[in-house]
Amino acid sequence: MSKSDVPVQNVDAAARTAIIAGNGLLPQVVAEALEKKGNPPFVVCLKGEADDSLRRFDNETISVVEFTRLIKVLKQSGAKNVILAGGVRQRPHLSDIRLDWTTIRALPRIFRALGKGDDALLRAFIGLLESYGFHMVGAHQIVPDILAPAASVLTTQVPDKKEQRNIDLAREAAVMLGKLDVGQGAIAVGGRVVALEGVEGTDNMIERIRQMRQEGRIPRQGGVLVKCAKPIQDERADLPTIGIDTVSNIAAAGLSGIAIEAGRTVMLSYHDTVQAANEQNLFIVTF
């Protein structure tokens, strides 16, 4: 699926919206945006993932493997729109799946997707929910201003020629990684790619950089984190995301800045994130 192949649908703003909430700040941002629009959400808090703050909304806590129960509570809530927001640290294990007719019906799609990348698994999950009549919605369709703007430099600090070279290298690596449905990010330091995002996620990739610096395996300063959507990305789920924590982590790892894809990367707490980068003399640029 290319960017142009991703379905674009109008959102029925009057219909009730459910948020299937994983970890991170995004579920809270979307829930509060819906509340402000006068359409309080129903939140499905994924067990072991969702933040407790989401329980102030109408909610139900469900394990990631309880597919039958998920369909049941979504129908009972009256939700028509469904948003997938936040991360899931662990993939479901087949041994944890509870077999019943609804789940057995879903197994062929699950089996096909489990051996592939995260985007394939998300597309299979989206397809299953749609088969029960739910309308899958991207978080950015509810909160459009969470996407990174087209402006090329968002901070006071600007990348120099050396860091621009790192951006180009890491961007090329991230695109190639995305084609394999593996990850959405890469880091280049000193004119070479030194880290690729895998199943461990962006924060742990950045932590590897800090460790490599301590071990003297890479230069002690400089380098860039690049994040971009996969070429096969279904934009209704799992868009690359940065926020204040990302800025703090790259500062601790000695990196010089972040480059992200405009219009396809979520920036949580935009103004605070940019301010944090300025305070750390880091750059954030879009491409």
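The values are calculated or read from the model by the stated rules, or taken from the named source; none is laboratory data. Computed from a predicted model, the values in this text were never measured in an experiment. Methodologically, a virtual Cβ is constructed for each residue, glycine included, from the backbone with ideal geometry; neighbour enumeration extends over all protein chains shown. Note: areas computed on protein heavy atoms with side chains; ligands, DNA, RNA excluded. Shrake-Rupley method; radii C 1.70, N 1.55, O 1.52, S 1.80 Å.
The table below lists the values:
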quantity: Residues being more than 14 Å from A170 (Cα to Cα) and either small (G, A, S) or in a loop (DSSP other than H, G, I, E, B) (or both) - total across segment 214-229; calculated: 7
quantity: Pick from segment 187-213, criterion over 16 Å from L169 (Cβ atoms) and of a type in the set (A, V, I, L, M), ranking: surrounded by the most Cβ atoms within 10 Å (Cβ to Cβ); calculated: I206
quantity: Condition met for V226 (of a type in the set (V, I, T), surrounded by 16 or more Cβ atoms within 10 Å (Cβ to Cβ) and touching a helix residue (DSSP H, G or I) at 6+ places or on another chain (Cβ under 8 Å)); calculated: yes
quantity: Residue satisfying all of: in segment 153-181; open to solvent by 60 Å² or more (accessible area, probe 1.4 Å) and farther than 26 Å from Y270 by Cβ; modelled with the lowest pLDDT among these; calculated: L180
quantity: Among (1) assigned to a loop (DSSP other than H, G, I, E, B); (2) in contact with a Leu (Cβ under 9 Å, 6 or more places away or on another chain); (3) among the acidic types (D, E); (4) open to solvent by 20 Å² or more (accessible area, probe 1.4 Å), the one test that D234 misses; calculated: (4)
quantity: Subset tally (residues that are open to solvent by less than 60 Å² (accessible area, probe 1.4 Å) and more than 19 Å from the chain's Cα centre (by Cα)) for segment 137-152; calculated: 1
